[in-house]
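To start, the structure under review is shown below, and the notes come after it.
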Amino acid sequence: MTMQGLRHTSVALLLVGALATLPVLTASADQAGLDLSVHGIDADSYPLVTLEIGLPAEMLDREGLAHPEFEVTENGEAVWLARSSRLDPEASDVNIVLVMDTSRSMKGRPLEDAQQAARTFCADMGGRAPVALVAFSSEPEVVVPFTRDRDSLLRGVESLTAHGGTAVYDALVTSARILSVTREGRRVVVLLSDGGDTSSVRNLDMTVRALQDANAVVLSVALRSPDLNESALGTLASRTRGRSVSFADSGGLSDYYAGLAREFSSVYSVTYRSSEPHTKDIEVDIRAEAGGRHATAATVFPNPAYLQAVEWAGTGLSVPAAAPAYLVGSVSLAFGSVVILAFAGLLSLLGRRGRLDQLRYYDQLHGETGAPRDPERDLCARVVEAVGAVAGRRGFTQPIAQKLERAGVSLRPAEYITAHITTVVLLGWVVQMLSGDLTLSLVTIVLASVGPLALLDGKGRRRTAAFDAQLPDVLNLVAGGLRTGWGLQQALELVVNEGRPPASVEFKRVQIETRLGVPVEQSLQGVADRLGSRQFAWVVVAVAIQREVGGNLAEVLDNVARSVRDREALERQVEALTAEGKLSAIILTVLPFAVAGGLWLMSPTYMMTAIGSPLGAAMFTSAGLLLFVGVMWLRRVSRIEY
């Protein structure tokens, strides 16, 4: 046989094989699964659960009839079906919104076919259910509100024109809004679009939440185009228990919308008995088979047993004697689990520690290199690093670092934040376990959150005041060193060796920075910034000017020291003159709360009656406002600016 003959024989065999497999492919295509629509879930009679399921048009005959057989699995296990029946189409409780894309891309045949499909749908639905028409281009418009008048709907469909952009999400939010005020029943949105959103104010997540709040099911119909965002339409459908289909050509829309009209008339109620799983959410898979076709759907709904448990929690049921110990153990285990999960999440955010971070906190890290590794300490270090990474991304590290440096606390910001969070959580948990009072626990959490920061600020202010008190002596010491012929850095070293904290600590840092190449003016300015000392800021300005223009720095420092002493004397005099006003402000602020607390301890009923009455509430409110005004006035009067 020649080569040409072999080629002809091979082609013939391929054709025969293709023809032989064609029936198989056709059969498998015919058996392809379809999608059900879950229009509603009723779990009021739990463990009996009722599902309202819409069959796809492919499973219905021309009269919209079928004899389906249903199978339901709950969390992967088959459940017993109590009953299934077709809902009366004449007593339909469905509310339908037709949402149609009228953007510029729909101009011409696509819009004409869409209008014809809407006409077919309205004609087949008749007056069995209220239908609304929403059109959208750059903005959504409710063309026809809910009505059973078929002629009104048809007139609205005829008025549609194509123009503008595409605001799919805004149109769906508008549909959810008008559905939320309808009567109880199924709520369905039939969305037709050929493009991605370009003009909406809302985003996908906001749209999904609005539809879920309205309990609306989205059936999305997509016309394929280069601008189509089919994944977004699929997400809208799946997250609202609906389904999504797409067409390459708008010519098939009329048949599909006619099938939708039959589907809305063929909704089945399927009731099954739940196996009452111990899960927060119940996952349900439904399968229907009719006429040799099958369709499936999957949905999730909250476990009513958990919702009932939440409702029973506040009914004041009696607790057996052994219950508190059991409660303490359960809460302890739950708390430990939450802490472990939180630490695991923080550890997953960690990266390797850079060299710069190691140098920045060298005094805290230098002892790690020669010691054997302790797993427990290593875990704590990784937790601290995780907290530091999260706090750094949120912008918390810098202000905490400034507070710690000003207070002279030798902790890294991440270490302090970790200790702070741990203290707040532990105190809140302990108070809740001991008292069982949620209000007291919240007050404890607030105080534990604010208290350490206030203490840190107070320590920083005291340290700054101590530094300012030492400043005249420090300046005289530096000036004396300069007069003996020493340079500025040598004179600063004299303060480090002879001075007392906090001045000696801060000038030692200046000494280290200057040895590393930082200009002395910049290093001194860092001291002023860390401590917030205005008086030392003047010293920095004087040093900077002298190093630029020259002069006798020792004499300048003596003059600054003299000015600082005079200013301190004036400040002490002002403090003495305003002490009475400040003490009055403190007493007048504390006294009302002390009296109210005493009355509460002596006669709680009297105080509750006073607070509970409208006149008493008005009096307490007025007293609080007057107290606030008085405190602010006294603070203003006793604060002298100079």
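The values are calculated or read from the model by the stated rules, or taken from the named source; none is laboratory data. Since this is a predicted model, take the numbers as computed values, not measurements. With ideal geometry, Cβ positions are generated from the backbone for all residues, glycine too; neighbour counts draw on all protein chains shown. Just so you know, the surface numbers come from the protein's heavy atoms only, side chains and all, with ligands and any DNA or RNA stripped out. Shrake-Rupley method; radii C 1.70, N 1.55, O 1.52, S 1.80 Å.
Working out 0.36 nm times the residue gap between D44 and A419, then minus their Cα-Cα distance, what length gain in nm do you get to one decimal?
Roughly 130.3 nm would be gained on extension.
Between segment 480-516 and segment 573-592, what is the C-alpha centre distance in whole Å?
One Cα centre to the other: 40 Å.
So who's got an amide H within less than 5 Å of the one on S37, skipping anything under 5 residues away but keeping other chains? H placed 1.01 Å off N, in plane.
G54
Once you charge only the Cβ atoms, +1 for Lys and Arg and -1 for Asp and Glu, what is the size of the charge dipole of segment 166-275 about its Cα centre, to the nearest 20 debye?
580
Below 29 Å, Cα to Cα, which lysines can K403 reach? Residues fewer than 8 away in the same chain don't count.
K459, K508, K582
Heavy atoms only, probe 1.4 angstrom, no DNA, RNA or ligands counted: give me H294, H67 ranked by accessible area, highest first.
Order by accessible area, largest first: H67, H294.
Using protein chains only and a probe of 1.4 angstrom, how many square angstrom of V72 are accessible, to the nearest 10?
Rounded to the nearest 10, the figure is 10 Å².
Students sometimes get this wrong: rank W429, W486, W80 by accessible area, probe 1.4 Å, all chains present, largest first.
Greatest to least solvent exposure: W80, W486, W429.
Mind running the shape call on segment 82-225? Use the C-alpha gyration tensor, a ≥ b ≥ c as the square roots of the eigenvalues: rounded below 1.5 for a/c, prolate if a/b tops b/c, oblate otherwise.
Oblate.
Counting only C-alpha contacts under 8 Å and six or more residues apart, can you give the relative contact order of segment 170-235 as a whole percent?
After rounding, I find 44 percent.
By accessible area of protein heavy atoms, probe 1.4 Å, what ranking do V478, V431 get, highest first?
Per-residue accessible area, sorted high to low, gives V431, V478.
For segment 433-458 and segment 114-187, compute the distance between their C-alpha centroids and round to whole Å.
Computed from Cα coordinates, the inter-centre distance equals 54 Å.
Assuming a ≥ b ≥ c are the square roots of the Cα gyration tensor eigenvalues, decide whether segment 413-471 counts as rounded (a/c under 1.5), prolate (otherwise, with a/b larger than b/c) or oblate.
prolate
Sort segment 475-594 into rounded, prolate or oblate with this rule: let a ≥ b ≥ c be the square roots of the eigenvalues of the Cα gyration tensor; rounded if a/c is under 1.5, and if a/c is not under 1.5, prolate when a/b is larger than b/c, oblate otherwise.
Taking the square roots of the gyration eigenvalues as a ≥ b ≥ c, segment 475-594 is prolate.
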